[in-house]
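A short worksheet on the structure shown next.
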Amino acid sequence: FKIKMDDFELFEELGKGNYGTVQKVWHKPTKVTMALKEIRLELDDSKLKTIITELDILHRATSPYIIDFYGAFFIESCVYYCMEYMDAQSLDHVAGCNVPEDVLARVTNCVVKGLRFLKDELKIMHRDVKPTNVLINRKGAVKLCDFGVSGQLDRSLAKTNIGCQSYMAPERIKGESQGQASSYTASSDVWSLGLSIIEFAIGHYPYPPETYQNVFAQLTAIVHGDPPALPDRYGDVAQDFVGQCLEKSATRRPNYKQLMEHPFLQQDETREVDMVKWIAEALAYREVHPKTSTPALA
Ligand code: ADP
């Protein structure tokens, strides 16, 4: 069926991104709560139509680790993207809320399975792995959103991208500074995964504050400095997994098959993890201890 603006009753705003807002909505014809993302783009109609067509392959993207896509349409210069509503927001919201190692492993396993699904089934890389693009719900599901499915959409967004906290791999930063667009491979997503796991564990962007005050210092630290690591309270197996994701040389990073064979994820396959309980506790903790916003970039 075709989805359109008239079908929705608007509820509250869920969040603000770089390009527009995400709203909780009620889809009247199906009686389903959805999330409606508005992406403001100054584009002509033919480009907007290309985006809608390209987004269509998402109708084939059914995986427990990928946000369900319900449809997209455009009005004037805005693309509206309609997706599954996740009632525990994104991973950054519960990051740092006393994350035990079994929860860390379960979330990581879901993200790796999602990335592998995108690569094997849809032949795409994610290109924007970061905690705000990993969504969770109170049932314990962990799903990816905002992946690079539409080339036209990616190109249109890139122009306005004001990257503050960078999850980009060193080779991507180097490639872009030299004007190479194709320095990107799936192993760049593996780097971003490693940074996201650490941020989930510690509750803030893993490079020290003095580097994220300043874009240049931050990019220099990523390219030339030592990669960050998990805090000592996590075991050797977890440390090793994250260490392999954050290999500075892209060719030395494991692929998804190798990551899934790593003991960190193998242990998770057979372990009971009470995600429902952990998420409820994390959300309750967050209510009492709201996240302090990260300082703005100079
Ligand atoms: P960004 O551009 O930073 O990736 P988005 O515009 O994608 O941010 O989303 C902004 C915020 O809206 C997210 O951090 C998340 O909290 C919320 N959000 C996005 N999609 C959903 C969804 N499907 N269900 C619930 N909340 C969502």
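The values are calculated or read from the model by the stated rules, or taken from the named source; none is laboratory data. Everything numeric in this text was worked out from a predicted model, so none of it was measured. Every residue, glycine as well, gets a Cβ built from its backbone with ideal geometry; the counts of neighbours run over all protein chains shown.
Values as computed for the structure displayed
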| item | result |
| --- | --- |
| Search result, residues across the stretch 242-273 that are loosely packed, with under 14 Cβ neighbours inside 10 Å and under 14 Å from Val107 (Cα atoms) | Glu269, Arg271, Glu272 |
| Residues (touching a residue at least 12 places away in the same chain (Cβ under 8 Å) and either near the ligand (Cβ under 9 Å from one of its atoms) or farther than 15 Å from Gly71 by Cα (or both)) located in the stretch 24-35 | Lys24, Met34, Ala35 |
| Inter-residue pairs, beta-carbon under 8 Å, first closer than 14 Å to Met34 by Cβ and touching a residue at least 40 places away in the same chain (Cβ under 8 Å) and in the stretch 8-21, second charged (D, E, K, R) and near the ligand (Cβ under 8 Å from one of its atoms), 6+ apart | Leu14/Lys24 |
| Answer residue from the stretch 132-155, given it is buried (at least 21 other Cβ atoms within 10 Å of the Cβ) and either near the ligand (Cβ under 10 Å from one of its atoms) or among the basic types (Lys, Arg) (or both) and is farthest from Asp44 (Cα to Cα) among those | Ile136 |
| Single unsatisfied condition, Arg271 versus (1) at pLDDT 95 or above; (2) farther than 24 Å from Met125 by Cβ; (3) part of a helix (DSSP H, G or I) | (3) |
| Positions within the stretch 9-22 being more than 9 Å from the ligand (Cβ to nearest atom) and not charged (D, E, K, R), in sequence order | Leu10, Phe11 |
| Contacts under 6 angstrom Cβ, first residue in the stretch 111-138 being under 17 Å from Thr62 (Cα atoms), partner within 14 Å of the ligand (Cβ to nearest atom) and polar (S, T, N, Q), 6 or more apart | Leu135/Ser90 |
